[in-house]
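Single-structure report; data block below.
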Amino acid sequence: MKIAVCGKGGVGKTTISGLLCRTLGRRGISVLAIDGDPNPNLALTLGIAPQAAMPKALTSKLLEVYEKEDGKKYAKLKVSLAEVMDTYGIQTNDNVTLLAVGQPEHAATGCMCGTHTTVREIIHTALEESEQVTLLDLEASLEQMKRGTSKYVDVLLCVVEPYYRSMEAVARFQRLGQELGITNIVAVANKVKNAADEEAIRQFCAQTALPVLGIIPLDATISEADKNGSLQIDDISRSPALQAISQLATDLLALPKA
């Protein structure tokens, strides 16, 4: 199963991504987590200490560019997925390996188009070479959708909060995901305070025919546990939000693959 997690900035997609990875990993499932945000935070949600070494940034040097009979240029990984993971990945908690696009070292150094292509081809290669779950935590921008970074995923998981701008952003992600041909595009409602919040999200998603796969309640347990920098999952073992994410993990695995 290959999953991309998207949503407007601040909706909690990185927290959900990290806890999904760790929930699956604790079930004995090998997970490859990819932090697709140039301002990376997924490592902290995976329980890595802020002062710990982060993964080496992925690079377009991993790609081989070739031309087909149609005259168009294409790219593919020139090394195996196992080699990418050995060289660029770090082992985190709970059976999870982390890769990251890395943050820009300097201002005004140009776009990250090559890195987006590299991530896309890593996912493409993972479909062919690996049975492990691969989860891509997308940046809040629509840029990675435009670049087709999540083109080969089985599921686009849209994280939405109960306010209009968040729901509008999810509708845009949904439209671009459909254009990429992603088979399963679903929503998960996050930070839901009450029945009115849930109903608002369900009504909006019904208008765009976006299935709501999970409801995650607003839970101060997680924000309190997160204050130390890295999130320790054992500190939130009784968290209602974590229980909802555990159910979400089960429901995601039940979706058909592309």
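Along segment 189-202, what does the Karplus equation 6.51 cos²θ - 1.76 cosθ + 1.60 (θ = phi - 60°) give for ³J(HN,Hα), rounded to whole Hz, x for Gly and Pro?
7, 10, 6, 7, 8, 7, 5, 5, 4, 4, 5, 4, 5, 5
Expressed in nm to one decimal, what extension gain is obtained for the pair Lys193 and Ala82 from 0.36 nm per residue of sequence separation less their Cα-Cα distance?
Difference between extended and current length: 35.7 nm.
As I understand it, the value is the acute angle between the Cα axis of helix 240-253 and the longest principal axis of the Cα atoms of the chain; what does it come to in degrees, rounded to 10?
50 degrees
Apply the Karplus curve 6.51 cos²θ - 1.76 cosθ + 1.60, θ = phi - 60°, to the phi angles in segment 11-20 and return the couplings in whole Hz, x for Gly and Pro.
Per-residue couplings from phi come out as 7, x, 5, 5, 4, 5, 4, x, 6, 4 Hz.
Hey, got a sec? Which trypsin sites (Lys or Arg not before Pro) in segment 167-258 land in a DSSP loop and have at most 15 other Cβ atoms within 10 Å?
Passing sites in segment 167-258 are Lys193, Arg238, Lys257.
If r is the Cβ-Cβ distance from Glu64 to Ala254 and R0 is 41 Å, what FRET efficiency results, to the nearest 0.05?
0.70
Pop out the ³J(HN,Hα) list for segment 175-184 in order, Karplus 6.51 cos²θ - 1.76 cosθ + 1.60 with θ = phi - 60°, rounded to Hz; leave Gly and Pro as x.
Result, ordered by residue: 4, 5, x, 5, 5, 7, x, 5, 5, 10 Hz.
Where in the chain lies the longest segment free of GluC sites (Glu not before Pro) that are both loop residues by DSSP (not H, G, I, E, B) and have at most 15 other Cβ atoms within 10 Å?
132-258
First measure r as the distance between the Cβ atoms of Thr221 and Tyr164, then evaluate 1/(1 + (r/R0)^6) with R0 = 35 Å and state the FRET efficiency to the nearest 0.05.
0.80
We did not get these values from a lab; they are worked out from the coordinates using the rules stated. Predicted model only: the values in this text are computed from it and were never measured. Note: ideal-geometry Cβ built from the backbone for every residue, glycine included; neighbour counts use all protein chains shown.
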